[in-house]
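Below is one structure, written out as structure tokens; comments come after it.
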Amino acid sequence: MENKFNVLEEAKKLHKIGKIDQAIKEYLKIINDFKNEAQVYFLIGTAFLQIKDYKKCVFYLSKAITLKKDTESYYNNIGIALSQLNNNESAIINYKKALKLNPNFLDANINIGIAYRKLLNFNEAIKYFNYSLKLSPNNYKIYNNIGNLLRDVGKSDEAIKSYDKSINLNKDNAEAYNNKAEIFLSKKKFVQAIGEFDNALNADPKFPYLFGKYLHSKMHICDWDNFSSNLKILKHSIENNEKIIEPFPLLSLIDDMSLQKRNSILYSNVAFQKDRDYNSENLKKLKKIKIGYFGAEFYNHPVLQLTKDIFKNHDRSKFEIYGFFHGPVKDKLHFEIQKYFTKFYDVTKKSDGEIVSLAHKIGLNIAVNLTGYTSDARNEIYLKKVAPVQISYLGYSGTMGTTFIDYIIGDNFLIPNNFEKFYTEKILRLPDSFFPNPTNIKISKKKFNKKNVGIPDKCFVFGSFNNSYKITPIVFEAWMNILKKTNNSVLWLLNNNEIASKNLKKECKKFDVDTERIIFADKLIYDEHLKRFEIMDLFLDTFPYNGHTTVIEAIRRKVPTLTLIGESFASRVAGSILNSIGLDQLITKNLDDYVKTAIELRNDNRKFIEINKKLEKEKVLKLFDSKKYTANLEKIYENFFKN
């Protein structure tokens, strides 16, 4: 008897000083001796909560509650665990039980507000946050949570004010700095974002995913200070399973697919825990297959520009097509494309559970995730099994590292057989390039020439209209070497933002290249942007994140594109497109060949003419045969239901 109490006291001491894993081992040694002691179950459950093992936390706290139903902290802690397991409905039930026992329990009031916010019930959320402020007027955590709510409802300026209040109350508040920085990043105010991320790093260098966001913001303005050492930090941290960078920004920094997969799995394991498994229906032959396309990009966005013909061309005798929109932008194209769907739903303000219930009511057979890990994602709906078959397609260029996205659409070039090990999804391969394209697209009739875009006459124009964050120091050095070894040539880049353009000019000087040889193209409306491609002679791709939409735009406008491939999805998209139209000589595998090929095409007019002739061949036109593409995609869908 004395021994078990000694073990319990030792476990409590270890727990108190933060040696949680050791405390749990001690607790578990004697748990059978305390079967009727609610407090012991509570201690074990809370210890599991602290190490983020939420399922075990729920198990032990449930036992504690069974034995003792009148302790508010039991309900509060199990509520936290349930919320982390993406079951906010059950979390709220438990928080309410805690508040029934003690209406002024501060933590439960804050936590129930957070759970309501996650369920998009903003009225209930603010009610509890405001009451929390009455209980604790100078609580920095409450102001941070109010900021999150204001941000969710689109009141970003008010959200910043709330974060500032939180920071004023606690200068070491990394979370509020981070949240404020994310708003600036979303508004493309990169310098302000970097400043706030820097403040957050000073407050807490290990704050989850902070360093990656800081680095991604710097890439937007082509600030490459400490680039190599920062990459080493990323690699080392991912290898040690540290939460340092979210999956999307890693795509443009490191080509190593084993690291990308590892990082995605780590992110998924943290973000998408669930309290139970969800059943799937058996797949059976149907009169019509019901497909749901889910995305935040149903507006004038590259994803919709590329996929709109698919929605239009689907065979209505075989398929019912549903659109589920969960994004912030509605424009002319958003409303135009709705007619191509059997039914189109705006689910932006619906909770995950409501979206899943709607999909189940419709009887969806296949859910296609067009957003992945990009902006305004709603990946929790797939965690809760929105359809029996769940597919990642186009929007996110890599493995999501989840257990609930079943498939990813690619092709033989994009994902060769020996690369399948880098994906948690099973691979669905289209016969040609996986990359969809509309058949017809409006091209402006406006006249463009070199003079009216600021390019000297008779210059050879190397160009790259990719986003600035995709330009890495090694690619820029390659471009400078190309300019140095070709006469009468310029580099034509997109003016993504003025700071990036200035920084690229500064980098240019380091290579003794005349800064006048870099010319920046201002952003234009889309049909004019496409039209001016006719001025470009050779498109130079970025690495490790290729141009995707920009590459297809160049090829559509008969501009040869030179790419460098690696092993990652993001680095093989341009190669997939070029391979499908027989332009493999424009696919290089190392920087030396990339530079050498660019120089040859500038200096050897015969080779350059041969390449351009290939862009006139009928095979290129097949790349824009959206009816054939849709039919091939439909065969993939139909293969699930052949039994």
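Tabulated results
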item: Conditions (1) outside any loop (DSSP other than H, G, I, E, B); (2) more than 20 Å from the chain's Cα centre (by Cα): number failed by Y382; result: (2)
item: Any hit, the stretch 620-643, residues being free of Cβ contacts under 8 Å to residues at least 40 places away in the same chain and farther than 30 Å from M400 by Cα; result: yes
item: Hey, T549 in contact with a Leu (Cβ under 7 Å, 6 or more places away or on another chain), under 20 Å from I443 (Cα atoms) and polar (S, T, N, Q) or not; result: yes
item: Selection from the stretch 521-537 of residues that are closer than 25 Å to F608 by Cβ, more than 28 Å from the chain's Cα centre (by Cα) and not in a loop (DSSP other than H, G, I, E, B); result: K531, R532, F533, E534, I535
item: Test: residue in the stretch 586-596 that is assigned to a helix (DSSP H, G or I), among the aromatic types (F, W, Y) and within 31 Å of the chain's Cα centre (by Cα); result: yes
item: Answer from K213, K235 - the residue that is under 22 Å from the mean Cα position of the chain (by Cα) and buried (at least 20 other Cβ atoms within 10 Å of the Cβ); result: K213
item: Condition met for I555 (in contact with a helix residue (DSSP H, G or I) (Cβ under 6 Å, 6 or more places away or on another chain) and not acidic (D, E)); result: no
item: Hits in the stretch 311-368 - residues which are in contact (Cβ under 8 Å) with a residue 60 or more places away in the chain, within 26 Å of the chain's Cα centre (by Cα) and part of a strand (DSSP E or B); result: I366, A367, V368
item: Residues of the stretch 538-582 classified as of a type outside the set (S, T, Y) and either touching a Cys at 6+ places or on another chain (Cβ under 9 Å) or in a helix (DSSP H, G or I) (or both), total; result: 14
item: Matching residues in the stretch 227-262 - criterion: being over 17 Å from S217 (Cα atoms) and among the hydroxyl-bearing types (S, T, Y); result: S237, S258
item: Any pair with Cβ under 8 angstrom, 6 or more apart, that starts in the stretch 495-521 at a residue that is within 22 Å of I535 (Cβ to Cβ) and ends at one that is charged (D, E, K, R) and in a helix (DSSP H, G or I); result: C508/R517; V513/K484; T515/K505; T515/K509; I518/K505; A521/R532
item: Failed item in (1) at pLDDT 95 or above; (2) assigned to a loop (DSSP other than H, G, I, E, B); (3) more than 21 Å from P247 (Cα to Cα), with L491 passing the rest; result: (2)
item: Filtered residues of the stretch 182-206 (kept if over 14 Å from K218 (Cα atoms) and out of contact with any helix residue (DSSP H, G or I) (no Cβ under 8 Å at 6 or more places or on another chain)); result: N202, K206
item: Of the criteria (1) part of a strand (DSSP E or B); (2) surrounded by fewer than 13 Cβ atoms within 10 Å (Cβ to Cβ), which one G463 fails; result: (2)
item: Cross-chain or 6+ apart pairs with Cβ under 6 Å, the stretch 44-67 first and within 18 Å of N86 (Cα to Cα), then assigned to a helix (DSSP H, G or I) and basic (K, R); result: F48/K56
item: Members of the stretch 74-89 found to be in contact with an Asp or Glu (Cβ under 8 Å, 6 or more places away or on another chain) and within 16 Å of L106 (Cβ to Cβ), listed by number; result: N76
item: Flag if F569 is closer than 21 Å to Q260 by Cα and in contact (Cβ under 8 Å) with a residue 24 or more places away in the chain; result: yes
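The values are calculated or read from the model by the stated rules, or taken from the named source; none is laboratory data. Source: prediction; values computed, not measured. A quick note on method: Cβ atoms are made from the backbone with ideal geometry, for glycine too, and the neighbour counts reach across all protein chains shown.
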